[in-house]
Amino acid sequence: MIEFDQVEKAYQVGGRAIPALHPTSLSIQTGEVFGIVGHSGAGKSTLVRLINLLERPTGGRILVDGEVVTDYGSGTLRAFRRKVGMIFQHFNLLSSKTVADNIAFPMKLAGLYSAADIRARVDELLALVSLTDQGRKYPSQLSGGQKQRVGIARALACRPTILLCDEATSALDPQTTQSVLKLLADINRQLGLTIVLITHEMDVVRRVCDRVAVMDGGKVVELGPVNEVFLHPQHATTRDFVMESERVDQEELKTDLQHASGRILRLTLQGEATYQPLLGRVARESGVDFSILSGRIDHIKETPYGQLTLSLVGGDLDQAMAVLNRADVHVEVLR
Amino acid sequence: MNDLMPQLQSLLTHVDWSEIGWASWDTLVMVGVSLLFSVLIGLPLGVLLFLTSKRQLLAQTRVYAVLSFVVNILRSVPFIILLIVMIPVTMMIIGTSLGVAGAIPPLVAGGAPFFARLVETSLREVDRGIIEATQAMGASVRQIVLGALLPEALPGIIAGITVTAITLVSYAAMSGVVGGGGLGDLAIRFGYQRFQTDVMVITVALLVIFVQLLQMLGDRLVLYFSRR
């Protein structure tokens, strides 16, 4: 478990302290995929770098598995860092080393492994990230997605318990992003690794994260399970992120709503309910007519969900509401 | 063309080729030895300059300021002046300020700070992310420098060694003025003091060839070590 206890960070710029992270307390559970989403400059990059102390907090304590890592001396800190893997937006592979040597690098630095151990582990990792037979290549000969796979293999070399991902998919195309996210999800499941992932894309959070913290202006403004935060965003920043990821244009939505008549509802369905033939039943039982103004059926991690904005006209509105309330569906009245 | 050949031949008969051979060898030794020491001193100095500069691993504003000041002084003094200023120091170290051996301390004094700056610049060109990634693996500063920074900067450092070597060739020639050996000495004694233009032409030609060869070798090595 990673615990932040009133952790803060300020940078000295020209004699003035500029806060990057206001005092923040939160905890990340062992084995979960924890997302941190925010615009650039929101402090998420600082937050993740505080975990392996690439940034030193200016206040508060950070505990990992009950130990106060912020008190570590340089020797203990280096040993601790070996147990925390990290991958980066621009991969940060050594261009002078082959793929195999890049993966072996953290093990060589640790000085705890024999040459045979290292070779065996490198082969194992190459297989894990589907890059068997690519070990002798240099990073410049690889595609972006392959480079990030090497980055992941390298991060896992010393068998860490935590994996930090700093915008790990932001430099990749959508298809490659999907495969890298799938790999991260697999690793999380197979190795029981805690993953802390920062991103500016809500879509990334939706696909792999269990819980998410939304950051704005150096503060965590919203934190909770992804489905809750995603489907019922409370804070304005969160709403913007969700809208953005669903490619909803707020102005267009407004005009759409103006054109529609009758009662406007937003239905949110999750899990099995997503597949129920709900709308037909509502129409039959209450006699209302409806039109779909916007809608989306997708997955949060593995759970299917649907979110529909409807306008209802005619029939028995109360009856319709009753049917909806009885079903396993969250109803929000927009007008 | 027919008139030119005998003329050229008579011109070259005056030349003492064994003298030129020895002088070339001396130049080679002066450049070789001073390059070796320039790299041995300049490389750690360059690494230190880089590490102590602002926002780097061992950021130490004062240490950087002092180092940088010393390097700048040595680099701003014209080499011909440095040759003269260094004479007492050379006497102390070598016992003589003349000949091949006497030329080496001033050459190192000129070459090492020059190379140190080139090292500092090539280290600055290494992506910060690589330092951060290596740090995140639990590497010590020493491991970061030896395992990541220097290998990543190697092509730049080799290019720096080439530039330094070429600079040392011209410095070594200059040392002839204060009694250093080699081709520069030959050019001054025969070409300048005895008006033997042929010797002058030959030494200059040899120096040009030497520099060309160095540059070619350096370029090949840079290409070989570049993996980007």
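All told, A:Met107 falls short of being open to solvent by less than 20 Å² (accessible area, probe 1.4 Å) and at the interface with another protein chain (Cβ under 8 Å from one of its Cβ atoms). For segment A:132-175, a residue qualifies if it is within 14 Å of chain B (Cβ to nearest Cβ), open to solvent by less than 50 Å² (accessible area, probe 1.4 Å), assigned to a helix (DSSP H, G or I) and among the charged types (D, E, K, R), and exactly one does: A:Arg154. Residue check: A:Ala115 meets all listed conditions (1) over 30 Å from B:Tyr224 (Cβ atoms); (2) more than 10 Å from every other protein chain (Cβ to nearest Cβ) but one, namely (1). Here B:Leu67 does not qualify as surrounded by 12 or more Cβ atoms within 10 Å (Cβ to Cβ) and in a loop (DSSP other than H, G, I, E, B). Looking only at residues in segment B:167-177 that are open to solvent by 40 Å² or more (accessible area, probe 1.4 Å) and in contact with a helix residue (DSSP H, G or I) (Cβ under 7 Å, 6 or more places away or on another chain), the one that is nearest to B:Thr96 (Cα to Cα) is B:Val177.
Every residue, every condition in (1) within 19 Å of A:Asp210 (Cβ to Cβ); (2) aliphatic (A, V, I, L, M), yes or no:
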site: A:Val150; (1), (2): no, yes
site: A:Ala157; (1), (2): no, yes
site: A:Gln175; (1), (2): no, no
site: A:Ser179; (1), (2): no, no
site: A:Gln190; (1), (2): yes, no
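Residues in segment A:75-104 that are among the aliphatic types (A, V, I, L, M) and buried (at least 22 other Cβ atoms within 10 Å of the Cβ): A:Val84, A:Met86, A:Ile87, A:Leu93, A:Leu94, A:Val99, A:Ile103, A:Ala104.
Here the condition is being surrounded by fewer than 23 Cβ atoms within 10 Å (Cβ to Cβ) and within 14 Å of chain A (Cβ to nearest Cβ); of B:Gly129, B:Gly99, it holds for B:Gly129 alone. Residues of segment A:88-95 include at least one that is at the interface with chain B (Cβ under 9 Å from one of its Cβ atoms), on the phi < 0 side of the Ramachandran plot and assigned to a strand (DSSP E or B). Restricting A:Leu265, A:Leu269 to residues that are in contact with a Gly (Cβ under 7 Å, 6 or more places away or on another chain) and modelled with pLDDT under 90 narrows the list to A:Leu269.
Of all the residues in segment A:179-224, those that are in contact with a strand residue (DSSP E or B) (Cβ under 8 Å, 6 or more places away or on another chain), of a type in the set (A, V, I, L, M, F, W, C) and open to solvent by 10 Å² or more (accessible area, probe 1.4 Å) number 4. Cβ-Cβ contacts under 6 Å between residues 6 or more apart (or on different chains), taken from a first residue in segment A:48-75 that is within 12 Å of another protein chain (Cβ to nearest Cβ) to a second residue that is among the hydroxyl-bearing types (Ser, Thr, Tyr) and in a helix (DSSP H, G or I), are listed as A:Glu55/A:Thr46. Looking at segment B:11-45, which of the residues that are of a type in the set (Gly, Ala, Ser) and at pLDDT below 95 is surrounded by the most Cβ atoms within 10 Å (Cβ to Cβ)? For segment B:11-45, the residue satisfying everything is B:Ala23. Just one residue in the set B:Phe210, B:Phe190, B:Phe195 is outside any helix (DSSP H, G or I) and either surrounded by 14 or more Cβ atoms within 10 Å (Cβ to Cβ) or on the phi > 0 side of the Ramachandran plot (or both); that residue is B:Phe195.
The test for being touching a helix residue (DSSP H, G or I) at 6+ places or on another chain (Cβ under 7 Å) and surrounded by 15 or more Cβ atoms within 10 Å (Cβ to Cβ) does not hold for A:Gln319. Candidates in segment B:177-224 are the residues that are at pLDDT 90 or above and polar (S, T, N, Q); of these, the one that is farthest from the chain's Cα centre (by Cα) is B:Gln212.
Condition check ((1) of a type in the set (D, E, K, R); (2) closer than 30 Å to A:Leu109 by Cα) across all residues:
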site	(1), (2)
B:Ile144	no, yes
B:Thr164	no, no
B:Ser170	no, no
B:Arg194	yes, no
B:Val211	no, no
B:Gly218	no, no
B:Val222	no, yes
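Checking every residue in segment A:305-320 against the condition of being in the same structural domain as A:Leu269 (by TED's automatic domain parsing) and in contact (Cβ under 8 Å) with a residue 60 or more places away in the chain gives at least one match.
Screening B:Leu213 against (1) more than 14 Å from chain A (Cβ to nearest Cβ); (2) closer than 30 Å to B:Ala153 by Cβ; (3) touching a residue at least 24 places away in the same chain (Cβ under 8 Å) leaves a single unmet condition, (3). Annotation for segment A:236-258: at least one member residue is of a type in the set (Lys, Arg), open to solvent by 70 Å² or more (accessible area, probe 1.4 Å), farther than 28 Å from A:Leu197 by Cα and out of contact with any His (no Cβ under 8 Å at 6 or more places or on another chain). For segment B:111-124, the criterion of a residue being farther than 20 Å from B:Val39 by Cα, within 19 Å of the chain's Cα centre (by Cα) and open to solvent by less than 60 Å² (accessible area, probe 1.4 Å) is satisfied by no position. When A:Val129, A:Val122, A:Val99 are checked against the criterion of being farther than 24 Å from A:Pro19 by Cα, in contact with a helix residue (DSSP H, G or I) (Cβ under 8 Å, 6 or more places away or on another chain), more than 14 Å from chain B (Cβ to nearest Cβ) and touching a residue at least 40 places away in the same chain (Cβ under 8 Å), a single residue qualifies: A:Val129. Here B:Pro88 clears all of (1) away from chain A (no Cβ under 14 Å); (2) surrounded by 15 or more Cβ atoms within 10 Å (Cβ to Cβ); (3) part of a helix (DSSP H, G or I) except the condition numbered (2).
Within segment A:54-68, being open to solvent by less than 20 Å² (accessible area, probe 1.4 Å) and modelled with pLDDT under 95 holds for one residue alone: A:Gly59. Could you say whether any residue in segment A:188-197 is within 14 Å of another protein chain (Cβ to nearest Cβ) and at pLDDT 95 or above? Within segment A:188-197, one or more residues are within 14 Å of another protein chain (Cβ to nearest Cβ) and at pLDDT 95 or above. When you scan segment B:140-155, do you find a residue that is surrounded by 22 or more Cβ atoms within 10 Å (Cβ to Cβ), of a type in the set (A, V, I, L, M), under 30 Å from A:Leu93 (Cβ atoms) and in contact with a strand residue (DSSP E or B) (Cβ under 6 Å, 6 or more places away or on another chain), even just one? No, that holds for no residue.
The values are calculated or read from the model by the stated rules, or taken from the named source; none is laboratory data. The structure presented is a predicted model; accordingly, all values stated were derived computationally and were not measured. Every residue, glycine as well, gets a Cβ built from its backbone with ideal geometry; the counts of neighbours run over all protein chains shown. Each accessible area value is taken on the protein alone, full model and side chains, heavy atoms only, with ligands, DNA and RNA left out. Shrake-Rupley method; radii C 1.70, N 1.55, O 1.52, S 1.80 Å.
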